[in-house]
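Peer 1: If you scroll down you'll find the structure; I have some questions about it.
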Amino acid sequence: MINKNIITVIAATIAASLCCMTPVLAVLAGSSSLVSSFSWLAPYHNYLVGFTIAVLIYAWYDKLRPSKEIGCNCDEIGFFSSKIFLAMVTIFTTAMLSFPLWGDRFFTSAASAQSCSAGACSSTTTDSQEDKRQNEEADIGSLPILKYIQKETTDPTPYRQVACSGTGYKTLDALMAKKQAQVEQISPPVLLKMLDNGDDVTLVDIREPSHKDGYRIDAMESYSITYGKLYFSAFKELQDKNAVIVVYGKFGLVSLFAASTLKEFGYKHVYSLKGGFDAWKLAGYPCEKIKE
């Protein structure tokens, strides 16, 4: 017959790990309702972990302590009351309780150790992407640019564009790919629609004087801040951190790095113009002569 202490350890282990295992189980089972079924356990996660460890320690103490009754070997009757089975339960408990520390390496929907310890047990990837999607949907009403991006994704406006396959430098291309994952690029048609409709947008021209050719994109609010001066001039020139900011350079490469820097500074809605000013000009969109 199985030892009562071992039963308690197994039950406590399952209860302690269930809330953090639920996102993975829900994905495997294809049931989103499964997540909410055990979400009530999340606030008690740390207490359940502590209780499980305490019971496990006591189970080993009870198993290893010398018996005071002579000739009694009752505790060792049966496999499920043996030390071997308790060792197997210990391995199972260790794997389950440590799941938040390693689960995300195998399951993208696994909860993080940080969220579990905080009593949230939210997944590191799936939930964050879902939250981001919901936040973007909620912001669409207040940010017209998201509507334009959404429309251009499903029904793109044709415009002349020179394809860019990279710089040819492995390290730089890797950094560029990293910035592209951090900063959303918008096409010239998206920016044109915003300007034509009079939507609030702030343009930041980060081109060097030698790259400007005497022209810039015509906009009501526009700033000329080279990438080298961005670190010192951004806070002074760009007062509103909630404004929609579109950064553009000559080709759309340096603007990615500049936009990423602004996001690190705390600006919330920063975009990079894909293809830069050259793509804008090639599309035949209106330009303004720079006043000397």
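The values are calculated or read from the model by the stated rules, or taken from the named source; none is laboratory data. Values in this document were obtained by computation on a predicted structure and should not be read as measured data. Note: ideal-geometry Cβ built from the backbone for every residue, glycine included; neighbour counts use all protein chains shown.
Peer 1: Provide a single number: the residues in the range 190-212 that are within 16 Å of Tyr285 (Cβ to Cβ), assigned to a strand (DSSP E or B) and hydrophobic (A, V, I, L, M, F, W, C).
Peer 2: 1
Peer 1: A follow-up question, please. Take Phe232 and decide whether it is over 23 Å from Asn197 (Cα atoms), at pLDDT below 90 and hydrophobic (A, V, I, L, M, F, W, C).
Peer 2: yes
Peer 1: In the range 143-173, what residues are among the charged types (D, E, K, R), surrounded by 10 or more Cβ atoms within 10 Å (Cβ to Cβ) and at pLDDT below 85?
Peer 2: Matches in the range 143-173: Arg160, Asp173.
Peer 1: Any residue at all in the range 214-223 that is under 23 Å from Leu175 (Cβ atoms), touching a helix residue (DSSP H, G or I) at 6+ places or on another chain (Cβ under 7 Å) and buried (at least 20 other Cβ atoms within 10 Å of the Cβ)?
Peer 2: Scanning the range 214-223 turns up no residue that is under 23 Å from Leu175 (Cβ atoms), touching a helix residue (DSSP H, G or I) at 6+ places or on another chain (Cβ under 7 Å) and buried (at least 20 other Cβ atoms within 10 Å of the Cβ).
Peer 1: Here's something else I'd like to know. At least 3 residues that are over 18 Å from Ala177 (Cβ atoms) and touching a residue at least 12 places away in the same chain (Cβ under 8 Å) in each: list the helices (runs of 4 or more DSSP H) lying fully within the range 213-292 that qualify.
Peer 2: Of the helices (runs of 4 or more DSSP H) lying wholly inside the range 213-292, those with at least 3 residues that are over 18 Å from Ala177 (Cβ atoms) and touching a residue at least 12 places away in the same chain (Cβ under 8 Å) span 230-237, 276-282.
Peer 1: Would you mind stating whether Asp200 is touching a strand residue (DSSP E or B) at 6+ places or on another chain (Cβ under 7 Å), surrounded by fewer than 16 Cβ atoms within 10 Å (Cβ to Cβ), closer than 17 Å to Pro144 by Cα and at pLDDT 90 or above?
Peer 2: yes
Peer 1: Starting from the range 129-156, take each residue that is within 15 Å of Asp199 (Cα to Cα) and assigned by TED's automatic domain parsing to the domain that holds Lys268 and list its partners that are at pLDDT below 55 and not in a helix (DSSP H, G or I), counting only C-beta distances under 6 angstrom and pairs at least six apart or across chains.
Peer 2: From the range 129-156, the pairs are Leu146/Ile140; Lys147/Ile140.
Peer 1: Here are the criteria: (1) closer than 25 Å to Pro144 by Cβ; (2) surrounded by fewer than 15 Cβ atoms within 10 Å (Cβ to Cβ); (3) at pLDDT 90 or above. Tell me which single one Glu208 does not satisfy.
Peer 2: For Glu208, the exception is condition (1).
Peer 1: Next question. Taking the criterion of being within 19 Å of Gly266 (Cβ to Cβ), modelled with pLDDT under 95 and not basic (Lys, Arg), would at least one residue in the range 184-195 satisfy it?
Peer 2: Yes, the conditions are met somewhere in the range 184-195.
Peer 1: Using the structure shown, decide if Asp199 is of a type in the set (Asp, Glu) and touching a helix residue (DSSP H, G or I) at 6+ places or on another chain (Cβ under 7 Å).
Peer 2: yes
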